[in-house]
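In what follows, a single structure is set out as structure tokens and then discussed.
The values are calculated or read from the model by the stated rules, or taken from the named source; none is laboratory data. From a predicted model like this one, the values you see are computed outputs, not experimental measurements. Neighbour counts are summed over all protein chains in view; Cβ atoms, including those assigned to glycine, are modelled from backbone coordinates with ideal geometry.
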Amino acid sequence: MPIQSHSSDVDDWLSTALLVTGSLAIAGITAAAVAAAWVNHDAGWYLHMAGAWLDGAVPYVDVIDTNPPLILFITALIVSLARALHLPLPATFKFVVFAAAGMTALACAVLLKRIFRTRVAVLLVVTTLVFLLLTLAGADFGQREHITTVIALPFVLAAASATAERPLRAGPDLALGLLAGLGFAMKPHFLVAWAGTELAAWAVTAPSDRRWVRPASIGVAISLAAYVVIVTTVTPQYFTVAAEVARVYGGLNSNMSALLSLIDLRVWPVTLITLFMFPFRDRRWRAAFVAFGAATGFLFAALLQAKGWPYHLYPSRVFMGLCFALLAGGLLDAERPRTPVGVSMQRFMVAAMVAALGLTAWRYARQTSSPSGIEQVYALHGIVVRERAEAMAVLSMRTILFPAFPVVNYAPVVWVMRHHSLWFLPGLYAAEIARKLGDVPYRNLAEMSALERKYFEQVVTDLCRTPPRLLVIEPPLPADRLGPRSLDLLGYYSQDARFARLWSAYQRRDSFGPFVTYVRAANASCATQ
């Protein structure tokens, strides 16, 4: 029998109005914060990389990144749109991501109608999703994990609706799978989240209704296969970089004790116990279990990356939040108020949830506008403008990307290096850094491995090809200071006579945060005069 939704004896107009108002308020608060904030540093790098590619650079040769190229393809579409409409790149990027998240929330509202019978239950979950998709990302708005979540969420809810005995028709289900495949392809680790979603949906579906292959699953597989073909033909150089990354990128990993202390690992069993307090025979609890399966997969994917960075945990937190929202929506859906007292209690619950989400959104909005370390971005941007630096480079192995990006995206300055940072040095010198005894010794040119010498040569060649007006260097910490150790980068690169000649033309100018800035005082050249 079709589920009757929006009936007057089930839905309360005041609760509905509170939820709609709350969703719009959360979206508005987030939009204002995102518009005023600098673009995320990783997103800024991909805007630069995509622009260089569109201008003729060869990806993973002339401009090198450590991640698979799907984010490059997506960002290139946004850069092309901004150029065609003559719009600022960062603003266009943020608008597209925000609009995509809004469209996902609307698509989820349609899917949730297949799970719940009441408008209030649907809107409660949608309001939560508006917060999770738009606000919870915070300063990581537009990160790969954020985009993946936006793309994959309808697929997970479609799987949930299938367990609720309301599967989508084959065509829409296949389309959601094709789209979700792009999200799961963003990083190889995300395939675990796909598996977690599928296994959870299979586990809670009645045996007579189980299907090993759904149209959406076929769609994901098609997208993944097409992506592999495109990478092989369009950016085959990526595989060379990926093999090198596998050898040296571990230097940025967190230790196991730090990973095991993550609060997410304590929330996981609490969520599982909470789920087992409800009957799986009810379609609403089965939907919550599917969201839990996706959250588990994304949590495992974050642990596999071994960094423990907050944005790696964002997808699992979104789907864990969705799990609890589905449980709360199920309570409203199952216990429909029939008396004035029941209606008042429902209104109180809805008002409390909207107030809590709204206040939390306000707090997150403040963090989005002024994230930790943002003063370094302002300082570097001011120096670039004051020195009229037409070209810039940053030599750092403790600070990756930030604050050079997003400064490059907003200031009239050219980034001269093919790498976004010296990301490879922590891995190449992991053993020396781990000793924590005084200065970190560096190898001379004859002692370097072929890979280290390759990266060394790339940095020197880039600096010599376009000597930057502004050179920003992060010096090593003194031996008596606590913190991650690093090389004396000036000494390291001055082993090359070309860099030594170039360096002689620079004068120290400013310092900010852990950085020291140097300005080219004369026409600098790596060549012998």
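Numbers at a glance
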read-out: Enumeration of residues in region 194-222 that are in a loop (DSSP other than H, G, I, E, B) and either aromatic (Phe, Trp, Tyr) or in contact with a Leu (Cβ under 8 Å, 6 or more places away or on another chain) (or both); value: Trp212
read-out: Residues being in contact with a Lys or Arg (Cβ under 9 Å, 6 or more places away or on another chain) and modelled with pLDDT under 95 - total across region 391-421; value: 2
read-out: Selection count, region 143-172, where residues are at pLDDT below 95 and not in a helix (DSSP H, G or I); value: 6
read-out: Criterion (within 16 Å of the chain's Cα centre (by Cα), under 25 Å from Ala31 (Cα atoms) and either of a type in the set (A, V, I, L, M) or surrounded by fewer than 19 Cβ atoms within 10 Å (Cβ to Cβ) (or both)) met by exactly one of Ala139, Ala185; value: Ala139
read-out: Search result, residues across region 299-329 that are of a type in the set (Phe, Trp, Tyr) and touching an Asp or Glu at 6+ places or on another chain (Cβ under 8 Å); value: Tyr311, Tyr314
read-out: Residues that are assigned to a helix (DSSP H, G or I), out of contact with any Phe, Trp or Tyr (no Cβ under 6 Å at 6 or more places or on another chain) and touching a residue at least 12 places away in the same chain (Cβ under 8 Å), drawn from region 49-71; value: Met49, Ala50, Gly51, Trp53, Leu54, Leu70
read-out: Among residues of region 495-525, those that are part of a loop (DSSP other than H, G, I, E, B) and within 36 Å of the chain's Cα centre (by Cα), counted; value: 2
read-out: Region 304-327: number of residues that are on the phi < 0 side of the Ramachandran plot, out of contact with any helix residue (DSSP H, G or I) (no Cβ under 6 Å at 6 or more places or on another chain) and hydrophobic (A, V, I, L, M, F, W, C); value: 2
read-out: Any hit, region 403-422, residues being part of a helix (DSSP H, G or I), among the small types (Gly, Ala, Ser), surrounded by fewer than 24 Cβ atoms within 10 Å (Cβ to Cβ) and on the phi < 0 side of the Ramachandran plot; value: no
read-out: Subset of region 318-375 [of a type in the set (Asp, Glu), more than 33 Å from the chain's Cα centre (by Cα) and assigned to a helix (DSSP H, G or I)]; value: Asp333
read-out: Number of the condition not met by Ala32 [criteria: (1) in contact (Cβ under 8 Å) with a residue 24 or more places away in the chain; (2) out of contact with any strand residue (DSSP E or B) (no Cβ under 6 Å at 6 or more places or on another chain); (3) buried (at least 19 other Cβ atoms within 10 Å of the Cβ); (4) of a type outside the set (Lys, Arg)]; value: (3)
read-out: Odd one out for Thr271, checked against (1) within 22 Å of the chain's Cα centre (by Cα); (2) within 16 Å of Ala302 (Cβ to Cβ); (3) in contact (Cβ under 8 Å) with a residue 40 or more places away in the chain; value: (1)
read-out: Residue check, Ala225 in contact (Cβ under 8 Å) with a residue 60 or more places away in the chain and part of a helix (DSSP H, G or I); value: no
